[in-house]
1. So, in segment A:14-59, exactly how many residues are open to solvent by less than 80 Å² (accessible area, probe 1.4 Å), among the polar types (S, T, N, Q) and within 16 Å of ligand 2 (Cβ to nearest atom)?
2. Just to be sure before I move on: is B:Met210 at the interface with chain A (Cβ under 7 Å from one of its Cβ atoms), part of a helix (DSSP H, G or I), crowded, with 23+ Cβ neighbours inside 10 Å and in contact (Cβ under 8 Å) with a residue 60 or more places away in the chain in the structure I sent?
3. Residues that are more than 18 Å from A:Glu209 (Cα to Cα): which strands (runs of 3 or more DSSP E) entirely in segment A:1-85 hold 3 or more of them?
4. All but one of (1) part of a helix (DSSP H, G or I); (2) of a type outside the set (Gly, Ala, Ser); (3) without any contact (Cβ under 8 Å) to a residue 60 or more places away in the chain hold for B:Leu287; state the number of the condition that does not hold.
5. Taking only segment A:110-151 into account, find how many residues are in a loop (DSSP other than H, G, I, E, B), within 23 Å of B:Leu234 (Cα to Cα) and more than 9 Å from chain B (Cβ to nearest Cβ).
6. Looking for whichever is more than 13 Å from every other protein chain (Cβ to nearest Cβ), assigned to a helix (DSSP H, G or I) and either touching a residue at least 24 places away in the same chain (Cβ under 8 Å) or among the aromatic types (Phe, Trp, Tyr) (or both) here; the options are A:Lys199, A:Lys205, A:Lys158. Which one fits?
7. More than 21 Å from A:Tyr5 (Cα to Cα) and either in contact with a Ser or Thr (Cβ under 9 Å, 6 or more places away or on another chain) or away from ligand 2 (no atom under 15 Å from the Cβ) (or both): which single residue out of A:Asp220, A:Asp237 fits that description?
Amino acid sequence: MEDNYVLEISGVNKTFGGLKALSDINLKVKQGTTHAIIGPNGAGKSTLLNTCIAKLVPDSGSIMFAGQDLTDGMTPHGINQLGVSRVFQTPEIFPELSLLNNVMIPALAKRDGAFKFDLFKWLRNENQLQDEAMHYLDDLGLADSSDIRAGSLSRGDKRRLEMAMCLIQHPKLLLLDEPTAGMARHDTNRTIELLKKIKEGGMTKIIIEHDMHVVFSLADHISVLAQGAIIAEGKPDDIKGHPKVREAYLGTAEL
Amino acid sequence: MDSVNPSSKYKDTLSLIIFIVVVLTAPLWGKFIGAGYPDLLQKFAIFGLFAIGYNILFGLTGYLSFGHAVFLGIGSYTAAWSFKLLTMNPVPAVIFAVLLSGIFAAAIGYVSLKRTGIYFAILTLAFAQMGYNLAYSVLTPITNGETGLRVLRDDPRVLDNALGVQIDGSPVGNFFGIEMTGYSGYYFCAIMLILGFYLAMRVFRSPFGMKLIAIKSNQTRMEYTGYNPRPYLLAAFVISGMYAGLAGALMVIVDPLAGAERMQWTASGEVVLMTILGGVGTLIGPLIGAVVIKYFENIFSAINESGLHATFSFLPEWLENIAVTIVSPFVGDGWHMTLGVLFMIVIIFMPGGIMEAIRRLTAWVKRMRG
Ligand SMILES: Nc1ncnc2c1ncn2[C@@H]1O[C@H](COP(=O)(O)OP(=O)(O)O)[C@@H](O)[C@H]1O
Ligand SMILES: [Mg+2]
């Protein structure tokens, strides 16, 4: 049976000056699965996601998504409109706007496309959009502060807000770069629950995560990245026992 | 909180009504603050429009243009030519001025928006200085160079002639029989100001306006959220250019003369000051900034040395002379010194401008009341 891959990364290389940040990365993500990328700091995990959203152009290789090569002259907004949303390692939100507006903006992008001259519409008449945004804020436990400035949130809350901003777009592929970093245990668990719930909806995800509890609760498949190369991949159980992985990343920690 | 808030319909309608009443009764209340004459009120409305439009670019997107006076000039020349070739009726003058400045804004904006930050500012400044220099040199047949473009009695005015409209004396704007001088000139400007204010309110309360603020807040996030910021920025640039063109046209409508000095960088800088002084990114702030600056310009620039001597005559003569020496650089032609000092004070102590001062004051009063 032919497997249905949402994303196919083939032969991707990237160097920064003399530093080989990614070397010959090959990675396939199956429809509806959660694919975790783990590895020590500086391994190139964020760089890999950057090449997927045209934040960086790889030196060689291709990244196929929805029949298009994302590395071939695509714009960041074009890639988003294809159905790829990303939660960044450092939260990227709109600090001056209210939480509600922060979540409405991505929803508008999904509904109206990359540009719409909607100057003669009243924002206050967008009731459906507001309800939807409130729904997502509620899912992430932020509904009570919907009208405060996003810039005043804690780092963990900013991250949850960013998650709501991505989820409201119903992306085909969701890229999560350390989504629970800076969160309290309680909120981390909540995030895991949320991500599990989305999984039932069939959304495909790539998640970079240091917290092994999160990784093993969510991942269907794991790739281990070290010094720009994939040193192991497989099902969570394979990775747990993999000697190279223990050595390179997991150390002697009990799993 | 920032300017885009889920303001209620009721609140917006109320502010609009208050705005209209205040603008239309200006000749009455203007008297009490020494602004009860049409020339000054016209300036309030014209520069208010300029600043309200400028704020749609600078206030919402954060892109600082240092060349918006070029559109003021384009609007003025277009209106003057409409007066010369077609009719003294201000309506076609306004329409052509807005359209033409919009076209130029699209071209200048298209190029300038290839850069951001300081480089964007410098590009706009370069375009404006180019316009200013062209008006003085190769474009003299259109602009009449240093003398300025005048509307003359024996200009063709084909529409007026075809309709048999007679011009006696020196030509002035004429709105279906109402001469655009004095208070009727002000009321024409006032109606344009009300329309301009209403449009700005629509922008502020629209999804479009929210997206402009989002670009100012985090352009990277906008791009990775599926937006192409460029057309949004260009639209904001063109809209603000059209406001400037309208303001330039109104200058000619109330006083049929267009000169290139209108495009000088100081004029571009002045609208930045007005916007910041009043409150960047607020709906009404830029208009307040424009009114305050024009009001004080009117007072300070009228003071001369002998006036100062009279003011300080209660002092012993040697002290009087010292006082006059200190104050005189700040008045008359030196009014810009005062403006500079005022501006520094605002930037340092109240970066949100007058609107922030009002906000803080009301918050304080509320707290005092318990
Ligand atoms: N834009 C860049 N320019 C130069 N070096 C970079 C850039 N982005 C990442 N790097 C380097 O590439 C390596 C991988 O970084 P990154 O992908 O952020 O690692 P991580 O796996 O922790 O996310 C690091 O050594 C980092 O310093
Ligand atoms: Mg990283």
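The values are calculated or read from the model by the stated rules, or taken from the named source; none is laboratory data. Everything numeric in this text was worked out from a predicted model, so none of it was measured. Note that we place each Cβ from the backbone using ideal geometry, even for glycine, and neighbour counts take in every protein chain shown. Calculation scope for accessible area: heavy atoms of the full protein, side chains included, ligands and nucleic acids excluded. Shrake-Rupley method; radii C 1.70, N 1.55, O 1.52, S 1.80 Å.
1. 4
2. On the way: at the interface with chain A (Cβ under 7 Å from one of its Cβ atoms): yes; part of a helix (DSSP H, G or I): yes; crowded, with 23+ Cβ neighbours inside 10 Å: yes; in contact (Cβ under 8 Å) with a residue 60 or more places away in the chain: yes.
For B:Met210, the condition - at the interface with chain A (Cβ under 7 Å from one of its Cβ atoms), part of a helix (DSSP H, G or I), crowded, with 23+ Cβ neighbours inside 10 Å and in contact (Cβ under 8 Å) with a residue 60 or more places away in the chain - is met.
3. Details: elements: A:5-16, A:19-30, A:34-38, A:60-65.
In segment A:1-85, A:5-16, A:19-30, A:60-65 are the strands (runs of 3 or more DSSP E) which contain 3 or more residues that are more than 18 Å from A:Glu209 (Cα to Cα).
4. Only one criterion in (1) part of a helix (DSSP H, G or I); (2) of a type outside the set (Gly, Ala, Ser); (3) without any contact (Cβ under 8 Å) to a residue 60 or more places away in the chain is unmet by B:Leu287, namely (3).
5. 0
6. Values: A:Lys205 fails: assigned to a helix (DSSP H, G or I); A:Lys158 fails: more than 13 Å from every other protein chain (Cβ to nearest Cβ).
Of A:Lys199, A:Lys205, A:Lys158, the one residue that is more than 13 Å from every other protein chain (Cβ to nearest Cβ), assigned to a helix (DSSP H, G or I) and either touching a residue at least 24 places away in the same chain (Cβ under 8 Å) or among the aromatic types (Phe, Trp, Tyr) (or both) is A:Lys199.
7. Details: A:Asp220 fails: more than 21 Å from A:Tyr5 (Cα to Cα).
Of the residues listed, the single one that is more than 21 Å from A:Tyr5 (Cα to Cα) and either in contact with a Ser or Thr (Cβ under 9 Å, 6 or more places away or on another chain) or away from ligand 2 (no atom under 15 Å from the Cβ) (or both) is A:Asp237.
For (1) of a type in the set (A, V, I, L, M); (2) buried (at least 19 other Cβ atoms within 10 Å of the Cβ); (3) within 16 Å of ligand 1 (Cβ to nearest atom), each residue gets a yes or a no:
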| site | (1), (2), (3) |
| --- | --- |
| A:Met165 | yes, yes, no |
| A:His170 | no, no, no |
| A:Ile206 | yes, yes, yes |
| A:Gln227 | no, no, yes |
